[in-house]
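Every read-out reported here was derived from the displayed coordinates using simple, explicitly stated rules and does not represent laboratory data. Since we're looking at a predicted model, the values are computed, not measured. Neighbour counts run over all protein chains shown; Cβ positions are idealised from the backbone, glycine included.
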Amino acid sequence: MNTIKGKKAAYYTLGCKLNFAETSTIQRQMEAAGVETAKSGETADVCIVNTCSVTEVADSKSRQAISRLRHKHPGALMVVTGCYAKTLSNSPLKGEDIIFVDAKQKGDIPKLIEEAMGTQISLPLREGQGGSFSPACACGERTRYFLKVQDGCDYFCTYCTIPFARGRSRNGSIASLVCQAEEAARMGGKEVVLTGVNIGDFGKTTGETFIDLLRALDRVEGIERYRISSIEPNLLTEEIIRFCAESRAFMPHFHIPLQSGSDEVLRLMHRRYDTKFFREKIDEVRRYIPDAFIGVDVIVGMRGETDELFAQARDFMEALPVSQFHVFSYSERPGTKALQIPGKVSPQKKHERSQQILALSNEKLHIHYNIYKGQTRPVLLEHSSKGGALHGFTDNYIRVSLTPTLSKGEGALTNSIVNVRLGEWNEKGDALKGEIVK
């Protein structure tokens, strides 16, 4: 007997694009089981929170979200999943109104909720099998779809809890992922972002390869753009770069984690490359795709990062021909090997170092944008705020704002790719002004 049909559910997601894609899939599964999505002002019977645990701040936000939802929806069954679920299952939040679902069993959430509501008992954390892969493909807030191609990680970097939270590397089959991309195309999707935890490690489950996945997706009719969300430098092969340079739909856009520009800190992190290798990889991308946008993840304030090592790291990053740095302050994670490293960095120094790299990132981003002023590039136009200008991104990830005179009455152009001549910076300084080239 279906005990959840006719119930109302509320959803809350924290963290990465992968989490948002998974929550959207869970919501579709719930609706298929007869569960309605609670509207604003309605009290839900079930609240599903997809948590994040990448930093202490993320942990705190996850706890706060659960508390807020409990207050807003009294009596609702709380379903907590995601990377922080395992930690929370042993916390004071535990109670008869809450169940914890392991990240590897997100696909079973409707069934687990039905069990909980049918038996009226609190369920413990449900451990999934290491080889299980829960598919997810979701449309974002604007026009792009997020396709989960891989989950889990086998790398065990010293600062990271993700392998413990999400399990070992696993993936869907190329055939199943092509089917999901085809469905996105039927729904009108033009751009798909490939998401995962360590997507370059694709193939552990099925014996396939990431490059073969890219080739298969490139043949899907209707999808005009693909972006690779993030790929480890040691897994970004010359073959992959060359394919993206020559492919029909893969954009000149890479997101490559560096984490530190110091070889000593990379060693402490147990990263699988050094700065020489990383620089050669960036140069390789530039050689094949000179106009590529290259985003780079960086962690500052890692245990053992002295003032001298940070200065070395900053000098290395300053010399890198990249487009932007995504900066994170190191956060103490329970159970990680990094806690055994001496030389804890103070919060003040973490903040100072973060501000330095953010300033450097802003310089890099302005250089990237300024190069293309006056050029005409293809832009996928996105939904605009009510009465506002249309926005979008070029193929090489420059944010563009159409001038108000051209935006009026052009809502029909949303989710279409048009040629745009790039102009000066807009008033907010977060995009280049653009003019559609007829």
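Model label points for residue 243 and residue 270, set 7 angstrom from Cα along the Cα-to-Cβ axis, are 2.9 nm apart. Among 166-173, 421-428, the peptide with the highest mean count of other Cβ atoms within 10 Å heads the list, and the full ranking is 166-173, 421-428. Rounded to the nearest 20, the size of the Cβ-charge dipole of the chain about its Cα centre is 640 debye, with Lys and Arg at +1 and Asp and Glu at -1. A Förster radius of 51 Å combined with the Cβ-Cβ distance from residue 435 to residue 43 puts the calculated FRET efficiency at roughly 0.55. When each of the peptides 242-249, 207-214 is scored by how many other beta carbons lie within 10 Å of its residues on average, the order from highest to lowest is 207-214, 242-249. The candidate values were (i) -0.27, -0.49, -1.13; (ii) -0.29, -0.51, -1.03; (iii) -0.22, -0.40, -0.93; the one computed from these coordinates for log10 I(q)/I(0) by the Debye sum over Cα atoms at q = 0.06, 0.08, 0.12 Å⁻¹ carries the label (i). Per residue, the average separation of C-alpha pairs within less than 8 Å and at least 6 apart gives the chain a relative contact order of 10 percent. Only lysines eight or more places from residue 281 in sequence, or on another chain, were considered; those with a Cα closer than 22 Å are 364. Working from Cα pairs under 8 Å separated by at least six residues, relative contact order for region 213-360 is 23 percent. Its Cα centre serving as origin, region 8-119 has a Cβ charge dipole (Lys and Arg +1, Asp and Glu -1) of approximately 320 debye.
The GNM of the chain, with springs linking C-alpha atoms under 10 angstrom apart, assigns the highest mean-square fluctuation among 269, 317, 117 to 117. Compute the length gained on full extension between residue 362 and residue 340: take 0.36 nm times their separation in residues and subtract their Cα-Cα distance, giving the result in nm to one decimal. Once the chain is fully extended between residue 362 and residue 340, it gains 4.5 nm.
If you run the Gaussian network model on the chain, springs between alpha carbon atoms under 10 Å, then out of 393, 293, 202 the most flexible one is 393. The fraction of Cα-Cα pairs per 10 angstrom bin, counted from 0 for region 8-119, comes to 15, 52, 31, 2 percent, rounded to whole percents.
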